[in-house]
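Undergrad: This is the structure I want to talk about, given as structure tokens.
Just so it is clear, none of the values below were taken in a lab; they were calculated from the coordinates. If you're wondering where the values come from, they're calculated on a predicted model, not measured in any experiment. Note that each Cβ is placed from the backbone with ideal geometry, even for glycine, and that neighbours are counted across all protein chains shown.
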Amino acid sequence: MKIQEITPFVLSSKERGSATWASTMIVVKVTTSDGMIGYGEAVPTLRVKPVFSAIQQVSKGYLGKEVERVERNYHEWYKQDFYLSRSFESATATSAIDIALWDLVGKELGAPIHRLLGGKFRDHVPVYANGWYKDCVTPEDFAREAKNVVKRGYRAMKFDPFGPYYDWIDEHGLRQAEERVKAVREAVGEEVEILIEHHGRFNANSAIEIAKRLEKYRPLFAEEPVHHEDLEGYRKYKRHSNLRVAMGERLVSLKETLVYLREGLVDILQPDLTNIGGVTVARKVASLAEAFDVEVAFHNAFGSIQNAVSIQLASVIPNLLLLENFYDWFPQWKRDLVNNGTPVEMGRVKVPDGPGIGVEVNERILEELKTDPVALEVVEEPVWVVGGTWKNY
């Protein structure tokens with residue numbers, strides 16, 4: 001099959017979900033010369049317009065190519081795009097197209113992606129909850145909502161307890177963060193895992209002070225405790241903290257990943273299929289992590305197509321820890337887009353066996369919600385936090 005057309009869609013609705021990024025999806029539709037259709041997804045955040053434009057540009061390198069030569073197609077674009085390993089926009093556009101091509105190959109062969117990658121290692125993928133703490137500010141807010149998460153059957157949950165602090169944190173912030181974490185731990189008990197999200201925003205000294213305060217609550221990991229590119233900060237953090245480090249959502253290439261693995265800076269790797277290079281690169285990254293005895297917890301925060309393909313890949317790798325899950329805190333339209341094809345039951349997702357990404361995309365929703373790409377407003381609360389939490393009490 002030949003790639004005949006690649007069309008990006010921006011989807012949005014008045015129903016916003018738990019965070020600014022949850023209000024938008026960027027979907028890529030790839031149509032073949034014989035009329036088959038595959039779907040992928042790109043990252044929105046504050047880059048909706050440039051990502052939309054990047055998809056249009058990257059598409060020029062894929063049109064006319066054979067769908068089934070997914071690996072070669074990736075490398076042909078790598079050859080053309082001098083800045084692919086340094087450009088988030090190009091990386092997420094390429095990832096979205098790559099996902100759609102894997103979807104198409106699966107549909108052509110009548111097989112889910114997991115069968116194309118060697119078969120399922122597990123029939124159910126364990127997930128952790130995220131997005132559940134919208135508008136939580138006080139310890140009581142966090143404790144109340146954490147109990148509701150456990151009632152849904154989840155056995156692990158992630159949250160950011162740091163309010164509006166950025167780069168540094170003072171004693172007041174440390175005390176508030178500890179009180180929030182303590183409240184969640186006491187609310188959920190010792191058998192439920194808690195994961196601490198730092199959003200990659202602290203310098204090493206502040207991150208180390210945070211670790212000292214939170215170690216007693218036994219978090220499963222500290223996610224992005226320092227800025228992503230701060231290698232010296234990660235080295236210092238690893239020397240002075242006992243917490244396991246999770247990171248990787250901002251990685252955009254296989255070889256960049258190697259830097260963090262080789263130096264022992266990461267304990268749980270979190271590649272994102274929608275910017276690491278799609279299925280083609282993500283499966284290599286997971287194998288690379290396995291060689292370093294590092295577990296994988298794919299970053300999975302944007303939309304229901306990303307979620308579906310992440311479930312497929314999470315089902316086949318032996319070194320999976322958990323998969324991030326926003327599904328129950330998505331706006332309803334994102335679940336409707338895949339006909340609610342990936343429900344969470346007791347903290348697990350049954351791996352879909354449909355062809356390609358495993359779920360069917362509802363084209364009626366696609367047509368109803370498509371909109372023009374627009375620049376998002378920049379307000380005090382960054383788009384990368386769960387809404388209503390950029391506050392002290």
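Undergrad: Under the Karplus relation 6.51 cos²θ - 1.76 cosθ + 1.60, θ = phi - 60°, what is the ordered set of whole-Hz ³J(HN,Hα) values for the range 34-42, x standing for Gly and Pro?
TA: After applying 6.51 cos²θ - 1.76 cosθ + 1.60, I find 9, x, 6, 10, x, 10, x, 9, 10 Hz.
Undergrad: Considering only 24, 94, 280, give the residue with the highest GNM mean-square fluctuation for the chain, with springs between Cα atoms whenever their separation is below 10 Å.
TA: Highest fluctuation among the options: 280.
Undergrad: Dipole size in debye (nearest 20) for the chain around its Cα centre, Lys and Arg Cβ +1, Asp and Glu Cβ -1?
TA: My answer is approximately 440 debye.
Undergrad: Based on the alpha-carbon gyration tensor of the chain and its eigenvalue square roots a ≥ b ≥ c, which shape applies: rounded if a/c is under 1.5, prolate if not and a/b is larger than b/c, or oblate?
TA: Because a/c hits 1.5 or more and a/b exceeds b/c, the chain counts as prolate.
Undergrad: To the nearest 20 Debye, how big is the dipole of the range 101-173 about its Cα centre, given +1 on the beta carbon of each Lys and Arg and -1 on that of each Asp and Glu?
TA: Using only the charged Cβ atoms, the result is roughly 720 debye.
Undergrad: Now a separate question. Please figure out what share of the DSSP beta bridges in the range 115-357 is antiparallel and state it in percent, rounded to the nearest 5.
TA: About 20 percent, rounded to the nearest 5.
Undergrad: Sorted from fewest to most neighbouring beta carbons within 10 Å, what does the list 261, 231 look like?
TA: 231, 261
Undergrad: Could you tell me which chymotrypsin sites (Phe, Trp or Tyr not before Pro) in the range 100-154 are loop residues by DSSP with no more than 16 other beta carbons within 10 angstrom of their beta carbon?
TA: Answer in residue order: 121.
Undergrad: Rounded, prolate or oblate: which one fits the range 31-141, using the alpha carbon gyration tensor with axes a ≥ b ≥ c (rounded when a/c is under 1.5, else prolate when a/b beats b/c, else oblate)?
TA: Cα axes put the range 31-141 in the oblate bin.
Undergrad: Could I ask something else about it? Assigning unit charges at the beta carbon (Lys, Arg +1; Asp, Glu -1) and nothing else, what dipole magnitude in debye, to the nearest 20, does the range 3-111 show about its Cα centre?
TA: 440
Undergrad: Counting only residues 5 or more places away or on other chains, whose amide H sits under 5 Å from the amide H of residue 362 once H atoms are built in the peptide plane?
TA: Answer set, sorted by chain and number: 338, 339.
Undergrad: Among 261, 317, 301, whose Cα lies farthest out toward the positive end of the dipole of the range 170-322, if unit charges sit on the beta carbon of Lys, Arg (+1) and Asp, Glu (-1)?
TA: Looking along the dipole axis, the top candidate is 261.
Undergrad: Can you tell me what share of the DSSP beta bridges in the range 225-370 is antiparallel? A percent to the nearest 5 is fine.
TA: Percent antiparallel among DSSP bridges in the range 225-370 is about 25.
Undergrad: Now for a separate question. I'd like the Karplus ³J(HN,Hα) series for the range 352-361: coefficients 6.51, -1.76, 1.60, θ = phi - 60°, whole numbers in Hz, and an x wherever there's a Gly or Pro.
TA: For the range 352-361, the Karplus-derived couplings read x, 10, x, x, x, 6, x, 10, 9, 8 Hz, x marking Gly and Pro.
Undergrad: Calculate, in nm to one decimal, what residue 33 and residue 336 gain on full extension: separation in residues at 0.36 nm each, minus their alpha carbon distance.
TA: 106.3 nm
Undergrad: Here is a further query. Would you mind ranking 257, 92 by Cβ crowding within 10 Å, fewest neighbours first?
TA: Going from least to most buried by this count: 257, 92.
Undergrad: Got a sec? Charge dipole of the range 3-111, +1 on Cβ for Lys and Arg, -1 for Asp and Glu; which of 11, 62, 110 is way out at the positive end?
TA: 11
Undergrad: Follow-up question, since we're still on this one. For residue 137, list long-range residues whose amide hydrogen, built 1.01 Å from N in the peptide plane, is under 5 Å from its own amide hydrogen.
TA: HN-HN under 5 Å from residue 137: 142.
Undergrad: Order of 157, 346, 1 from fewest to most other C-beta atoms within 10 Å?
TA: Exposure proxy ranking, most exposed first: 346, 1, 157.
Undergrad: Rounded to whole Hz and in sequence order, give me ³J(HN,Hα) for the range 373-384 from the Karplus expression 6.51 cos²θ - 1.76 cosθ + 1.60, θ = phi - 60°, writing x for Gly and Pro.
TA: In residue order, the calculated couplings are x, 10, 6, 6, 5, 9, 10, 4, 7, x, 5, 8 Hz.
Undergrad: Here's a follow-up. Given 134/284; 49/391; 120/216; 147/182; 151/212; 151/284, which pairs have Cα atoms separated by over 25 Å?
TA: Result: 134/284; 49/391; 120/216; 151/212; 151/284 exceed 25 Å.
Undergrad: Assign one of three labels to the range 254-371, namely rounded, prolate or oblate, based on the Cα gyration tensor with a ≥ b ≥ c the square roots of its eigenvalues; rounded applies when a/c is under 1.5, prolate when it is not and a/b is larger than b/c, and oblate otherwise.
TA: prolate
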